[in-house]
Each structure stands twice: as structure tokens, then as C-alpha cells.
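Below: the structure, in C-alpha cells.
The values are calculated or read from the model by the stated rules, or taken from the named source; none is laboratory data. Note that the structure is predicted; figures quoted are calculated from it, not measured. So basically every Cβ, Gly included, is an ideal-geometry build from the backbone, and we count neighbours across all protein chains shown. These accessible areas exclude ligands, DNA and RNA; they are computed on the full protein's heavy atoms, side chains included. Shrake-Rupley method; radii C 1.70, N 1.55, O 1.52, S 1.80 Å.
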Amino acid sequence: RSTRILTVAGVLFLMFFYGFGFSVSANIMFDKSKPIVFEAAVINQRVSKGRRTNYYFEVSPWIDGKTKQKEISVGSTLYSEVELGNMVKIKLYKGFLGVPWFKAVNIK
């Protein structure tokens with residue numbers, strides 16, 4: 001009986017995480033909203049190495065001009081193209097499921 005309860009709990013746990021991953025992906029993939037575009041200065045750059053290499057920019061306040069500086073994850077290409085002090089565009093989308101998301105792009 002306890003094995004059955006653990007099995008059901010394990011399956012429910014896995015279903016939750018697969019569902020969460022799908023909903024995050026669907027929110028971005030099916031989003032057809034037009035972005036609101038902000039510009040922000042790159043204040044700091046950081047690379048985090050582990051199993052994967054992750055790239056981050058610390059940017060100046062960009063939503064209302066009053067929020068604290070925020071660290072955002074960026075791709076390796078954008079990281080290599082942008083230097084400290086440069087401006088980047090941050091595109092803020094509404095999200096298909098109503099969960100806002102953003103991506104940073106280079107200003108050229």
C-alpha cells in the first residue's frame with residue numbers, strides 16, 4: 001500500500017514539473033503580442049561557469065526608471081557583442097498565458 005502511495009505521489013510530482021515546463025515554453029512560443037521596447041545601459045557583465053556557461057548583464061533601471069538595477073540572462077552572442085556602458089534594447093512581451101517575459105537585444 002505504501003509503495004502505491006509513493007508511486008502516485010512520484011507521478012504527480014513529475015506531472016507538475018513537466019506541466020510547468022510546458023506552460024513556460026508555451027507562454028513564449030505562442031505569444032503574438034507586440035513588445036514594449038525599453039533601453040538600458042549595461043553596468044556590469046558576469047559569466048557563471050558550471051555544467052553550463054551562463055552570461056549575465058547588470059542593467060540600469062528600465063521599466064519605470066526607479067527600480068533597482070537588474071541582472072538579466074543573455075546569450076553568448078549578445079554578451080560578446082556588447083561592452084560595459086553600451087545600451088541594449090529590452091523587449092517586454094505580454095505572454096500567451098498572461099505571464100510577462102522579456103529578451104534583450106543589441107542596439108545597432
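The listed residues are Phe57, Phe38, and the only one of them that is crowded, with 16+ Cβ neighbours inside 10 Å and modelled with pLDDT of 95 or more turns out to be Phe57. Quick check on Asn54: is it in contact with a strand residue (DSSP E or B) (Cβ under 6 Å, 6 or more places away or on another chain) and without any contact (Cβ under 8 Å) to a residue 24 or more places away in the chain? Against the criterion (in contact with a strand residue (DSSP E or B) (Cβ under 6 Å, 6 or more places away or on another chain) and without any contact (Cβ under 8 Å) to a residue 24 or more places away in the chain), Asn54 qualifies.
Taken over the stretch 78-108, the criterion of being under 15 Å from Val42 (Cα atoms), outside any strand (DSSP E or B) and either open to solvent by less than 60 Å² (accessible area, probe 1.4 Å) or not acidic (Asp, Glu) (or both) is satisfied by Leu78, Tyr79, Ser80, Val82, Leu84, Gly85, Asn86, Ile107, Lys108.
Looking across the stretch 37-70, just one residue is farther than 15 Å from Gly85 by Cβ and among the acidic types (Asp, Glu), and that is Asp64.
Only one of the listed residues (Ser73, Ser25, Ser48) is touching a strand residue (DSSP E or B) at 6+ places or on another chain (Cβ under 8 Å), free of Cβ contacts under 8 Å to residues at least 12 places away in the same chain and either part of a strand (DSSP E or B) or loosely packed, with under 14 Cβ neighbours inside 10 Å (or both). That residue is Ser48.
Could you tell me which residue of the stretch 51-70 is farthest from the chain's Cα centre (by Cα), considering only residues that are outside any strand (DSSP E or B) and charged (D, E, K, R)?
Of the stretch 51-70, the ones outside any strand (DSSP E or B) are 51-52, 60-69.
If we keep only those that are charged (D, E, K, R) too, we end up with 51-52, 64, 66, 68.
Values: Arg51: 19, Arg52: 16, Asp64: 19, Lys66: 21, Lys68: 17 Å.
Here the answer is Lys66.
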